[in-house]
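Report on the structure given below.
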Amino acid sequence: MQHNALEYAFEHEFQIANTRTRIIASVIDFCIFCVIAAIFGYFFGKPAEGIGFALYGTPALIIMLIGFFLWPISEGIWGQTLGKRILGIKVLTDYYEPIDITASITRYILGCIDYILLIGIIVAATNKMNKRIGDMAANTIVVQL
């Protein structure tokens, strides 16, 4: 007999991560990336007008790959980014199994839509499972460990 994800969560004593914790984890991840990018830019970039550095060629590709590893790859392998690990939350499938790289990349790509005009926060705040658009498309849920 198929269960819906909410019933399954209660049966297996999982607690859905709240929207505030998810936002804080995202901010932590973004700050970690910014620090890495700033250090990388300092050593390999050219000073930009105003504040910051411009990266071109191989250094730009490397920082993009670092960002890709920090988000979808780490979630696809461990179910967590560094920010999620710090806050004790994890991404699982709707049936509370480990996610795969495909689901993680789906969440990552649709994250762009989620963050435009804060649509993802609004969507997550208005459903019982705190799912943003990327979670709905990838059939994932974020739980508190």
task: Take the chain, compute every pairwise Cα distance, and split them into 5 Å bins from 0; I just need the percent in each bin.
output: 2, 10, 17, 21, 18, 12, 9, 6, 3, 2, 1, 0, 0
field: Amide H contacts under 5 Å for Phe53, placed H, 5+ residues apart
entry: Ala48
field: region 5-144: relative contact order in percent, alpha carbon pairs under 8 Å with at least 6 residues between
entry: 28
query: Normalised by the number of residues in region 82-145, what is the relative contact order in percent for Cα pairs under 8 Å and 6+ residues apart?
result: 43
- prompt: What's the exposure ranking of Arg22, Arg107, going from fewest to most Cβ atoms within 10 Å?
  reply: Arg22, Arg107
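Coordinate-derived values only; no laboratory data. If you're wondering where the values come from, they're calculated on a predicted model, not measured in any experiment. Because the Cβ atoms are built from the backbone with ideal geometry, glycine has one as well, and the counts that use them run over all protein chains shown.
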